[in-house]
Structures are given as C-alpha cells and as structure tokens.
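Worksheet for the structure shown next.
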Amino acid sequence: METSDVELDLQRSVKAVLRELSTQAPALQSNQGMWRWSLHKKVERDPGKSPVLVRILLRELEKAESEDLRHVIIPLLQTLMYVLTKAIGITEELYQRTYAFCTRLLTLPVPYCTVALDCAIRLKMETAVPGMLYQRTVIAEQNLMSELYPYQERVFLFVDPELVSASVCSALLLEIQAAQEQQTPEACMRYVVAHTLQAALGDACHAGAVHRKLQASSRHVLEHYFHAVVAAVEQAASEPSQSRVRHLERLEEIYCSLLGPGAARGRCDGDSLQDRPPSIPLPSPYITFHLWTDQEQLWKELVLFLCPHSHLRLSADLEALDLQGLRPDQDLARVSVLSTDSGIERDLSLGGDEFLAPSSPETERAGLQRKGGIKKRIWPPDFSMPGSWDGPPGLHRRTGRPGGDGELLPGVSRVHTARVLVLGDDRMLGRLAQAYHRLRKRETQKFCLTPRLSLQLYYIPVLALKEPAVSWQLELRELATFLGRADPWYQNTVNTLCPAIHKLAEMPPCLDTSRTVDPFILDVITYYVRMGTQPIYFQIYRVKIFSDLSQDSTDDIFLTELKMKVQDSRSPKEGSSPRRRGAAEGLGAELSIRYQKALLSHRPQEVAVSLKATGLVLKAIPDSNTEVSGFPHCPPVAAPVMDHTYLNVSVMEVVKSSNLAGRSFSTVTNTFRTSNIQVQSQDQRLLTLSLDKDTRRTFRDVVRFEVDACPEPCAGAQKSKTSWLNSHGQKEMERTKAKPKPLLMPINTFSGLIQ
C-alpha cells in the first residue's frame with residue numbers, strides 16, 4: 001500500500017473516532033469503541049504506519065485546540081500517547097511538536113492540564129532515552145525482576161458469580177489465559193531487548209538478525225542481555241546531563257556483543273521481505289481472575305501480591321501478619337510514656353553520671369525545657385503527599401490524592417501497584433465499597449499495605465442477560481451512566497463493552513491455538529487500565545440501623561442507593577385496634593424525618609418534618625434530569641446536576657384530601673438534597689431497608705435509621721485548640737472535635753470529572 005493510501009486509510013479511522021465523540025446517534029451505539037481498537041490494530045500489524053498516524057493525530061489535536069473542541073483533546077492525546085509508547089522510528093520533530101502542544105495545555109483547567117502534564121513528563125523522558133516508556137511498562141506489568149527498576153504491577157479482575165453468568169466468566173478466563181500463554185517471561189525479555197536496540201539505534205540496527213539471535217539464545221544468555229539493556233537505559237535516565245552519545249555507545253556495545261564481532265555498525269538498508277522479523281508487540285498486563293466469594297478476599301489478594309510467601313499464615317490469623325518486619329506497635333504508633341514527675345527536666349533527680357556544673361549552659365537551658373511525654377512520628381516534609389516515592393525518577397505514575405491512600409513511611413518505597421478491576425453492576429460496586437471500607441479500617445490497626453501499595457480501582461459495567469425489564473437494567477447501571485456523562489471517552493470505550501462481552505460468551509471456544517486471534521475484550525481492558533489514570537471520587541455513606549431503640553445500632557455502608565419500604569406486618573408490641581380501619585388509612589407509615597438541607601452557601605440548616613409515606617429512596621448518584629422540589633413548606637434548592645457529594649432523597653408522601661365525594665388519598669413524590677438524614681417510624685410500623693439494590697443486603701424490622709457521610713476510619717480523634725480572648729486579655733483552653741474527613745472511593749477514568 002502506498003504512503004498516500006496508508007494516510008487516507010488512517011485518516012478515515014481517526015475521523016470515525018471523532019464522529020463517535022461528537023454525536024450520540026443511536027445508530028452508532030453498536031460500533032462504539034471499535035474504531036479506536038481497529039486503529040491501534042492497524043499500527044500493531046504494521047509498525048511502519050506509526051509515524052503517519054502520529055502526524056495525523058497531532059494535526060487533529062492542533063485543529064481541536066484552534067477551534068476550542070475540548071471534548072476531543074483528551075481522547076486524541078491519550079490515543080497518541082498509546083501509539084508513542086510502543087512506536088519505533090518517530091522523528092525528533094514529531095516529539096517536539098507533541099511536547100509543545102502538551103505545554104500549551106497546561107494553561108487549561110483540570111483535567112486537561114493534569115493529563116497534559118503527565119504526557120509532557122513521559123514525552124521528555126522518551127525523547128531523552130528512546131525506548132524507556134516501553135521498557136518500563138513491560139518490566140512493571142510483567143513483574144520482570146530488575147534491581148534498577150523494581151516496580152511491579154498487577155491487574156486483579158474480580159467477578160461476582162451471582163451477578164455475572166458462568167458463560168461470561170469462562171469466556172473472559174479463556175481469553176486471558178490464551179493471551180498470557182504467549183507472554184512468557186522469556187518472550188517479554190526478548191521484546192524489551194529488541195525494542196530498546198531498535199528504538200535507540202534506528203536504521204543501524206539489523207532487526208532480523210537481532211530477532212533470530214534472541215530466539216536462539218538460552219534463558220541465561222537472554223537474562224544477561226536483558227539486564228544489560230535495562231542498566232543502560234536506567235543509567236541514562238539517572239544521569240543529570242543525559243548524554244545521548246554515551247547512551248548510544250553503551251547500546252552499540254550490547255548490540256555488537258549480541259551479534260558478534262562482525263556486526264555492522266553502519267546504516268542498514270533494511271531487511272528483505274522474507275527476512276523481516278515480526279513486529280514487536282506490547283504485551284497485555286499480567287491479569288489474575290478471581291470469583292468474589294469472600295468478604296476478605298480483596299485484602300488477602302493484596303497481601304499475597306506484596307508477600308507471596310505469606311499464604312500459609314493467611315488462614316490462621318489475618319491480624320498476625322507481619323510484612324517484612326513492619327510492626328505497627330513499635331515504629332508506627334504513638335508511644336505513650338507514663339511520667340511520675342512534673343515533666344520539667346530541672347525537677348528530675350540527677351544520677352551519678354549526670355552532674356552538671358552550676359553555671360554551665362546546660363543547667364540554664366534545663367530550666368526552659370520540658371520532657372516529652374508522647375513520642376510522635378516525625379515525617380519528612382515530602383511524605384505528606386501519598387504520591388511521594390523512593391527510587392529511580394521517571395515513569396512510575398504518582399497515584400491517589402492528598403490523604404487518599406494514607407501517609408508513606410520514610411525509607412519505604414511504593415514499588416507495587418494493584419489495579420483492581422471489577423465487572424458487574426451497581427450491586428458489585430456496593431460490595432467493592434464494603435471491601436474498600438474494611439481495607440481502610442484494617443489499615444488503622446495493621447499499617448502494612450498503605451506504605452508499600454498503590455491501589456487503583458477500575459469498573460466495567462456488565463449486566464446479566466436474565467434481567468427482564470429494560471428499566472431495571474438502567475437502574476442497575478446508574479454509576480456507569482454517571483461515569484459516561486462525566487467522561488465521554490469512558491462512555492465510548494468502556495460503557496460499550498457489555499454487548500461485546502455477552503457476544504464473546506455466546507461464541508464457541510476456539511481450540512485451534514495455531515490461529516492468531518485478536519482479543520478485543522482484553523485489548524480494551526488493557527487500554528483502560530493503562531490510560532485510565534484520572535479518578536472520580538465517590539462518597540461512601542454510613543447507615544446506622546435500629547431494630548430496637550433501647551439497643552445498639554447495626555452499622556453498614558452503601559455507595560449508590562438506600563431504599564426504604566413500609567412492611568405490611570405490624571410490630572408485635574402494637575396492640576390490636578378494636579376499630580376497623582380502611583385500606584387507604586392504613587397506607588404508609590407516620591415518619592419523623594430530620595435532615596440537613598444542602599445549600600449553595602454550605603451553611604447548616606436543620607429541617608424536621610413529620611409525614612405519612614409509603615417509601616423513601618436515597619440516591620448518591622444524581623440522575624441527568626434530577627429536579628429538587630422539596631416539601632411544600634420548604635423552598636427548592638438549586639444544585640449542580642453533576643454534584644455527587646450529596647444525597648438525593650425522594651419521599652413518597654401520602655396526601656389526604658377532602659371533597660364532595662368524601663376523602664381521597666394520593667401519593668406525591670417530594671425530592672430534596674441533604675448530606676445526612678434521620679428517619680424514624682412514629683406509629684410502630686416496621687420498615688425494610690435495601691442497600692445498593694442488592695437483595696442480599698436487606699434489613700427487616702427496622703424502626704429507625706440514620707445516614708451520613710462515612711468518615712475515614714482514623715478521622716474520629718479529638719484535638720485541643722488554644723484561643724486567645726483579646727477583649728479580656730486572658731487565655732482559655734477549649735476542647736473541639738475535629739471534623740471527620742469523609743471516606744471517598746476513587747474509580748479511575750480517562751479524564752476524570754469534566755463539568
């Protein structure tokens with residue numbers, strides 16, 4: 001195919017991707033996500049097309065910048081970076097133009113500047129040391145052992161067998177296993193050596209000879225050249241001057257050592273068609289498949305990832321784990337010291353070896369010093385951010401946000417990244433929120449995972465085909481719909497996977513291993529976990545459930561929805577009424593509702609109402625057409641539709657009216673927004689609660705429940721504050737309770753929240 005034909009073909013594919021982002025026509029829904037995948041496949045099959053595609057994508061990005069088409073900037077930029085990660089032969093001019101474009105995006109608001117900064121850093125590294133992005137990606141994702149780049153990543157794919165069919169589970173497992181059988185450690189090391197040599201030496205590298213030599217090498221020889229190439233790249237990255245000439249000399253020495261003393265160092269004319277080696281793929285990350293059957297399964301898998309030899313101790317006592325000598329009761333906790341003196345050093349009795357001269361400076365300073373009663377942890381200033389990490393500078397992404405993953409320990413490197421991907425609907429996300437809350441709560445007692453592990457959460461919506469009604473299917477994917485509205489690239493790439501996954505499950509398994517099959521589902525998952533680096537944070541809500549007001553509550557959490565219904569049966573404590581009531585009068589229950597109204601000024605305003613209602617729904621995920629009406633005596637409150645930090649409450653109120661025909665009853669839905677709410681049954685009618693639309697999480701015989709934002713497990717401590725009263729000139733100590741920090745669960749998308 002001629003160059004003009006190649007450019008026209010790639011240009012048509014890029015235009016198709018842009019049309020997907022610019023229209024929401026139903027006719028295009030079935031093909032969404034396929035154009036991006038086919039575009040990358042064209043370049044993967046023929047790496048020579050990479051410079052042409054880079055030039056086309058860069059031209060479209062500059063056009064979008066000039067026309068202020070911001071909705072296509074992040075998708076095009078991430079598609080461009082995905083190509084550059086594994087491309088060979090990109091000119092210096094294209095790298096400079098791409099880098100200049102990213103620097104211009106830094107003036108735009110979040111998330112454009114955030115994504116552009118990450119891309120600019122990676123581009124600068126790749127320009128200085130060609131092949132670094134590919135090499136570090138493969139080493140981390142395939143867990144190849146290297147002392148110079150010790151980072152390891154793993155994708156944990158969790159599926160609830162009660163929510164996803166067995167055919168879907170088996171189809172996904174077969175596709176993952178088929179791809180990973182070809183990605184042996186030896187094959188990945190060959191890819192790294194060959195790609196690094198070709199990226200640095202360019203036309204001077206005889207690709208066919210390198211491929212044949214690596215194929216014929218033993219594992220010992222292969223490991224030798226792999227570590228030599230990694231050492232050359234990491235040394236070039238760590239050098240302050242980053243001398244390109246010295247780096248090329250090192251790689252030429254490795255190249256000549258690999259092919260022998262007769263290897264030509266001059267320019268190669270290119271391999272013949274019969275002698276041309278296959279293209280160097282970018283292997284998919286190492287993925288482990290898990291059926292979610294245990295509440296502690298997520299924590300167990302993360303511990304095994306950090307310490308693979310601890311599986312013998314997992315079944316005995318989870319709390320007794322000691323990861324590499326990290327003891328929370330020795331070095332991490334605050335140590336209280338019981339003191340029997342006044343706390344002033346001059347009041348202490350000196351020992352035989354502690355005599356000081358009466359006029360010495362130490363004696364004078366002792367009168368102004370206090371003896372510490374509590375030993376505090378002293379952290380370096382750079383450890384206040386969870387993105388701080390030790391080790392070689394460069395590619396490894398900084399993850400989380402301030403306080404999102406906890407503090408880091410001095411001298412402890414975060415070299416492990418766990419990418420937890422869940423498949424399912426809102427019910428599966430409810431289980432993930434429970435596991436995330438337990439994980440954070442456990443870390444307050446056993447501080448072992450947070451300093452060493454970066455936890456990234458991903459979500460792909462998959463609905464069971466047995467769900468009958470379309471409305472119920474839409475109800476079960478409210479969070480996925482919200483993510484699609486917030487991030488259009490997530491909508492086009494991830495939300496369209498559900499039909500493809502079911503179609504894969506219906507296909508008969510391919511037993512012919514000689515055929516090369518392009519795994520569409522696995523490729524999209526790989527693209528998502530690599531490029532989805534911008535999280536959207538969702539508030540986790542705590543609910544206190546009372547079945548008896550004289551006893552303690554039962555605590556639980558939810559992420560998307562709490563639904564309350566009035567039970568048909570009455571409380572056993574209620575005496576039977578001698579008077580027969582009508583069916584209409586017995587409709588619903590008398591409820592006392594107290595909540596804090598959500599105002600734009602964020603000022604606290606408590607509202608208390610009593611009414612008769614048949615049900616109540618608390619939704620943490622706003623709908624696209626959410627309207628806030630409020631009760632008749634409460635004015636409506638305006639609020640942003642995309643704001644997901646408040647609860648949207650819908651109360652089905654029973655309204656009684658009188659007319660000439662007599663009394664009639666009707667149901668009116670009142671909606672309002674709040675950050676916390678308390679509901680109690682006043683006429684001893686019992687309530688039923690359902691959390692996150694999951695029938696397995698149903699509570700019956702409830703008389704009262706309270707809902708508020710779930711705090712961080714370690715955010716309930718009190719603190720003392722000293723305030724000066726200038727008017728009276730005296731000092732007073734007042735005890736204030738620290739405002740609890742809410743627990744937010746991040747779900748990664750491509751661009752984050754775009755208003």
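The numbers here are math on the coordinates, done by the rules we state, and not lab data. This structure is a prediction, so every number in the text was calculated from the model and none was measured. Here the Cβ positions follow ideal geometry from the backbone for every residue, glycine too, while neighbour counts run over all protein chains shown.
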Check your understanding: Per the Debye formula with a single identical scatterer at each Cα and no solvent contribution, what log10 I(q)/I(0) holds for segment 133-246 at q = 0.21 Å⁻¹?
Key -> -1.19
Practice item. Filter the cross-link list K300/K693; K86/K693; K86/K441; K503/K741; K446/K563 down to pairs whose alpha-carbon distance in this structure exceeds 32 Å. Key: K86/K693; K86/K441; K503/K741; K446/K563
Study note, to complete from the structure: Quotient of Cα radius of gyration and Kirkwood radius for segment 1-130, i.e. Rg/Rh, equals 0.96
Review point. Label-point separation (nm) for T614 and E162, each offset 7 Å from Cα along Cα-to-Cβ?
Key: 2.9 nm
Check your understanding: Length gain on complete extension for the stretch E7 to T669, per 0.36 nm per residue less the alpha carbon to alpha carbon distance?
Key -> 232.6 nm
Review point. What FRET efficiency do you get for K41 and Q473 if R0 is 30 Å and r is their Cβ-Cβ distance, rounded to the nearest 0.05?
Key: 0.50
Point to revise | Debye intensity ratio in log₁₀ form over the Cα atoms of segment 80-130, taken at each q of 0.14, 0.15, 0.20, 0.23 Å⁻¹ | key: -0.33, -0.37, -0.64, -0.82
Exercise for review: Compute the length gained on full extension between S279 and T698: take 0.36 nm times their separation in residues and subtract their Cα-Cα distance, giving the result in nm to one decimal.
Suggested key: 145.4 nm
Review point. At E249 and A500, where each label point lies 7 Å from the Cα along Cα→Cβ, what is the point-to-point distance in nanometres?
Key: 4.8 nm
